[in-house]
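J.: Attaching a single structure in structure tokens format; questions to follow.
Readers should treat all values here as calculations from the given coordinates under stated rules, not as data from a laboratory. Quick caveat, the model's predicted, so the values are computed rather than measured. Every residue, glycine as well, gets a Cβ built from its backbone with ideal geometry; the counts of neighbours run over all protein chains shown.
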């Protein structure tokens, strides 16, 4: 069973959280009780559809990982940036690559409430990657299909030879990967995987080709009690399909 099934354009829009279908006020949900927080953009020229796309992606990240989030308000505003509090989380965001930080500053909004502040630098990153997604919808759709498949029980039943369709590792030969396929699958199945964020995609020279498209696949594993340990597994677009990839360095 292969992992690179191609979806229709209408399906990819659904997979990418129906970016253009939201006309309501932008709101993010956080915490175990699904608390709400408005969203304010530094870039006031963003279209409604782009604002909705960004808000939807933020909610994708916060839906599970954000259950440990807490709102902490300051006694007084930060005179420099207008920050009156922070949306604090216990772990690093596993949905984005490490050079992008999840927004945490909270400001007053125009209606007298409070809102998560989205800097222009962050919205610019989103705008660039939304354009990338629109131009590469099949690759993006394939990423969602890959994550869905490796999250299913069907992944544990793949043939030994098919491990090469799902994994590439610099220091292992194809024969070695086949020999250890059962063990590798058990290790990969230990995590719970989640649909990726658009900010999880990144081009890098690191990898088997001169230019490589990487993806951070968010995942969690039990850490005792109700706690989850969050991290991300690296995947790469190679030979026309997504594969878990372990290289000498991270992208």
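J.: By how many nm would the segment from residue 134 to residue 159 grow when fully extended, if each residue of separation counts as 0.36 nm and the alpha-carbon distance is taken off?
T.: 5.6 nm
J.: If I fit a long axis through the Cα atoms of helix 137-150 and take the longest principal axis of the Cα atoms of the chain, what angle between them do I get, 0 to 90°, rounded to 10?
T.: 70 degrees
J.: Kindly express, to the nearest 10 degrees and within the range 0 to 90, the angle between helix 120-135's C-alpha long axis and the longest C-alpha principal axis of the chain.
T.: Between the helix axis and the principal axis of the chain, the angle is about 40 degrees.
J.: Still on this structure: Quantify how much of the Cα-Cα distance distribution of the chain extends past 27 Å, in percent.
T.: Of all Cα-Cα pairs in the chain, 40 percent lie more than 27 Å apart.
J.: Let me ask another. Based on the Cα atoms of region 16-130, what semi-axes does the equivalent ellipsoid have, where each is the square root of 5 times one gyration tensor eigenvalue, given in whole Å with the largest first?
T.: Values for region 16-130, descending: 20, 17, 14 Å.
J.: Taking the chain as a Gaussian network, where each spring joins two C-alpha atoms under 10 Å apart, which residue of 161, 56, 226 fluctuates the most?
T.: Of 161, 56, 226, the Gaussian network model singles out 226 as fluctuating most.
J.: For region 120-229, what size does the Cα cloud have along each of its three principal axes, sorted from largest down, in whole Å?
T.: Reported extents, whole Å, longest axis first: 47, 42, 23.
J.: Pick from 145, 231, 204: which residue has the top mean-square fluctuation in a GNM of the chain where Cα pairs under 10 Å get a spring?
T.: 204
J.: Sort 242, 237, 227 so that the residue with the fewest other Cβ atoms within 10 Å of its own Cβ comes first and the one with the most comes last.
T.: 227, 237, 242
J.: For 220, 34, what's the fewest-to-most ordering of other Cβ within 10 Å of each Cβ?
T.: Ranking 220, 34 by Cβ neighbours within 10 Å, fewest first, gives 34, 220.
J.: Divide by every residue of the chain the summed helix terms, -39500 (n - 2.57) for each DSSP H run of at least 4, and state the resulting mean residue ellipticity at 222 nm, rounded to the nearest 500 deg cm²/dmol. Intermediate values should be presented prior to the final figure.
T.: Working: 6 runs with 66 residues, N = 251.
Theoretical 222 nm ellipticity from helices: -8000 deg cm²/dmol.
J.: Sort 55, 25, 44 by Cβ crowding within 10 Å, fewest neighbours at the top.
T.: 44, 25, 55
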